[in-house]
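Throughout, read-outs are computed from the coordinates displayed, never taken from laboratory work. Note that the structure is predicted; figures quoted are calculated from it, not measured. Reconstructed Cβ throughout: ideal geometry from the backbone, glycine too, with neighbour counts over all protein chains shown.
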Amino acid sequence: MVKDILKGTKKRKAVSLMVSYVILIGIVLSVAAAFFVIIKDYIDPTPVENCEEGTTITLEDYLCDGKLDLLLRNNGRFSINGVYVSVGNDTKKFPIYILMPEVAGGYFPGRYVFESKLKPSASLYANYSNKVVGAGAEQGVPRAAGFEEIRKVRIQPFIIDKKTVVFCEAAVIEQDLENCLMR
């Protein structure tokens, strides 16, 4: 009789152990599903590769008096975070000189980040010094521009998406300048 009772107890323990595993697996799957639902909004598997179609910028005016001040207007449908500017002293060649922006705190050469996004139809000045980086500058150290006049400017807007700079490839403008002396 005792053996019969012990056999029944052993069978129940095995069933109980199996039920506990099923419950444990169910809890783990529920927590994983809840975690996925919460975190999926924070992680976007497809990074932004280019700006929205309709992102454009124009050069309304410029001022050259030993430095370069560009009046830029966002005539597109989306806000932009900044512009990347390169200049050249030959209208027939690609602008290769990268000017240093005149902004407190210093930014990357050529890259002017606006204090707040430039909204559609808004305008503002981007100010650049007469110091260049690239085209012979040693290890990215700014130096005085080796040319007297800027004859061509290339402006490319960019956005910042999740701390990543995304350049607007379709919105690049190149414009010839007149009487833009750098000294």
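What order, most packed first, do the peptides 74-83, 161-170 have when packing is the mean number of other Cβ atoms within 10 Å of each residue?
In descending order of packing, they fall as 74-83, 161-170.
What ranking do 87-100, 58-71 get when scored by the average of other Cβ atoms within 10 Å per residue, highest first?
Highest mean packing first, the order is 87-100, 58-71.
Of the listed pairs LYS40/LYS162; LYS119/LYS162; LYS131/LYS162, which have alpha-carbon separations greater than 21 Å here?
LYS131/LYS162, as the Cα separations exceed 21 Å there.
Output ³J(HN,Hα) for segment 82-95: one whole-Hz value per residue in order, computed from phi by the Karplus curve 6.51 cos²θ - 1.76 cosθ + 1.60 with θ = phi - 60°, and x for Gly and Pro.
x, 9, 10, 10, 10, 10, x, 10, 9, 6, 8, 10, 5, x
If each residue of separation counts as 0.36 nm, what is the full-extension length gain between GLU174 and ASP41 once their alpha-carbon separation is subtracted?
Contour length minus the Cα-Cα distance gives 44.0 nm.
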